[in-house]
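The values are calculated or read from the model by the stated rules, or taken from the named source; none is laboratory data. None of the values given here were measured: they were computed from a predicted structure. Heads up: the accessible areas ignore ligands, DNA and RNA and are worked out on the full protein's heavy atoms, side chains in. Shrake-Rupley method; radii C 1.70, N 1.55, O 1.52, S 1.80 Å.
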Amino acid sequence: MATPTHPDPCGARCETADALRTLRNLLEAAANEAARIRAGAALGNADRFHVNEAVDLAHEAQALASILGAVPAAATDADPSLTTDSREAA
């Protein structure tokens, strides 16, 4: 089993579901704000500091995608019942 890398990992499947729901809501809000920023920038309402921060946030979003992309592998390592082979063997 993989060692958790967060000091407070989800301790139950319901906690994982709650965390995913929270993240989905935050991502929807972030997408809306990003669209507002892009539209405002098109109107000239962004300076170079805003652009630099937007680029930094884009890099952080890519890092988040990397973390979330590793979830299937982590879940498979942690719980063999999530793989097709172990369900077929049962």
task = Pull out the extension gain between residue 32 and residue 75, defined as 0.36 nm times the separation in residues minus the alpha carbon to alpha carbon distance; nm, one decimal.
result = 12.4 nm
task = Report in % the part of the accessible area of region 1-71 that belongs to carbon and sulfur, leaving out ligands and nucleic acids; probe 1.4 Å.
result = 60
message = From the Cα trace of region 19-63, what convex hull volume per residue do you get, rounded to a whole Å³?
response = 63
Stretch gain in nm, segment residue 64-residue 25, where the contour uses 0.36 nm per residue and the Cα spacing is subtracted = 12.6 nm
task = Leaving ligands, DNA and RNA out of it, rank 47, 8 by accessible area with a 1.4 Å probe, largest first.
result = 8, 47
